[in-house]
Amino acid sequence: MVWKKLGSRNFSSCPNGSIQWIWDVLGECAQDGWDEASVGLGLISILCFAASTFPQFIKAYKTGNMDQALSLWFLLGWIGGDSCNLIGSFLADQLPLQTYTAVYYVSADLVMLTLYFYYKFRKRPSPLSAPINSMLLFLMGTACATPLLSAAGPVAAPREAFRGRALLSVEPGSKPFTRQEIIGFIIGSVSSVLYLLSRLPQIRTNFLRKSTQGISYSLFALVMLGNTLYGLSVLLKNPEEGQSEGSYLLHHLPWLVGSLGVLLLDTLISIQFLVYRHSAAASELEPLLLPS
């Protein structure tokens, strides 16, 4: 996989490689400005995703109602999608930045889910809370370990040459799917479906509460920005040698749908923040208006 490719090649395998550190750190050949822009946007998207969770953690600490504000099915769908995204990225041989981003996704989701159950069982203690948390951590750990086991597969053949971006190219070059990539493509498709479905329970929860209190809008705003940059990063990357634009997009389609498709639903959640902003503001001011 990513680290095995690094071990099997050197910078001389990257014709016209312009930036050495991109090859050394990420295992990607930045052949031209398109590739450099792809890497730059990908790195910024990771920063957006990394920063998106902290406002929600702070909001949860201040309000203490994270279990009421966020839908459990939203969190489970999110972590399920991220787990499939991670496994699919390894199996389908996606860009290194996609894999690194997926690793962070799962880590942040585990923290978010842990906080959810912390606030939930702090208010309603249950003898089943410990077994439930242990089972969830075991399942997520298994999901995260699966891609590492797949790293024992054959080392991918090094690329000998690159072709530049040619959006109007008429060459029908098509990279065939290996069996492993087909499995990764299917898992990546499941990931996209889970991402899309995960937003629906949260939209419903906001609608029933007629409020977005307890939810940090920065969470969704930064995720939207991150998904936009992530999708652009994939689209700007040059195809492999002899591979057409259509074949390249097909190999990355589930991940593009998962990132850009979710933008539409997150836009709807953003509209809910605007519609319910007055009720959220009133709820936050209510403790200040109560007599001491």
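The values are calculated or read from the model by the stated rules, or taken from the named source; none is laboratory data. Small disclaimer: the values here were computed from a predicted structure and weren't measured. Cβ placement follows ideal geometry from the backbone for every residue including glycine, while neighbour counts extend to all protein chains displayed. The protein model used for the area step is the full one, side chains on, heavy atoms only, and it has no ligands, DNA or RNA in it. Shrake-Rupley method; radii C 1.70, N 1.55, O 1.52, S 1.80 Å.
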Condition first: open to solvent by less than 30 Å² (accessible area, probe 1.4 Å) and part of a loop (DSSP other than H, G, I, E, B). Now tell me which residues in the stretch 209-221 satisfy that. S211, T212, G214, I215, S216
Out of all the residues in the stretch 222-230, is one or more in a helix (DSSP H, G or I), under 16 Å from the mean Cα position of the chain (by Cα), at negative phi and of a type in the set (V, I, T)? yes
Applying the selection to the stretch 51-76, what residues are surrounded by fewer than 20 Cβ atoms within 10 Å (Cβ to Cβ) and either over 22 Å from the mean Cα position of the chain (by Cα) or of a type in the set (S, T, N, Q) (or both)? Y61, K62, T63, G64, N65, Q68
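Quick grid of which residues meet (1) closer than 25 Å to N238 by Cα; (2) part of a helix (DSSP H, G or I); (3) open to solvent by 30 Å² or more (accessible area, probe 1.4 Å); (4) of a type in the set (F, W, Y):
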| position | (1), (2), (3), (4) |
| --- | --- |
| G80 | no, yes, no, no |
| N85 | yes, yes, no, no |
| F90 | yes, yes, no, yes |
| Y100 | yes, yes, yes, yes |
| Y104 | yes, yes, yes, yes |
| A108 | no, yes, no, no |
| M112 | no, yes, no, no |
| Y119 | no, yes, no, yes |
Step by step: first the residues of the stretch 1-49, then only those that are touching a Leu at 6+ places or on another chain (Cβ under 6 Å) and at pLDDT 85 or above, then the one that is nearest to L91 (Cα to Cα). Which residue is that? G42
Just to check your reading of the model, which residue among L250, L274 is out of contact with any helix residue (DSSP H, G or I) (no Cβ under 6 Å at 6 or more places or on another chain), without any contact (Cβ under 8 Å) to a residue 24 or more places away in the chain and within 30 Å of F57 (Cα to Cα)? L274
So how many residues does the stretch 173-208 have that are charged (D, E, K, R), surrounded by fewer than 17 Cβ atoms within 10 Å (Cβ to Cβ) and at pLDDT 90 or above? 1
Could you tell me whether the stretch 36-54 includes any residue that is touching an Asp or Glu at 6+ places or on another chain (Cβ under 7 Å) and either at positive phi or not aromatic (F, W, Y) (or both)? yes
Of the conditions (1) open to solvent by less than 20 Å² (accessible area, probe 1.4 Å); (2) modelled with pLDDT of 80 or more; (3) in a helix (DSSP H, G or I), N238 fails just one. Which one is it? (3)
If T99 meets every condition in (1) within 18 Å of the chain's Cα centre (by Cα); (2) β-branched (V, I, T); (3) at pLDDT 85 or above apart from one, which number is that one? (3)
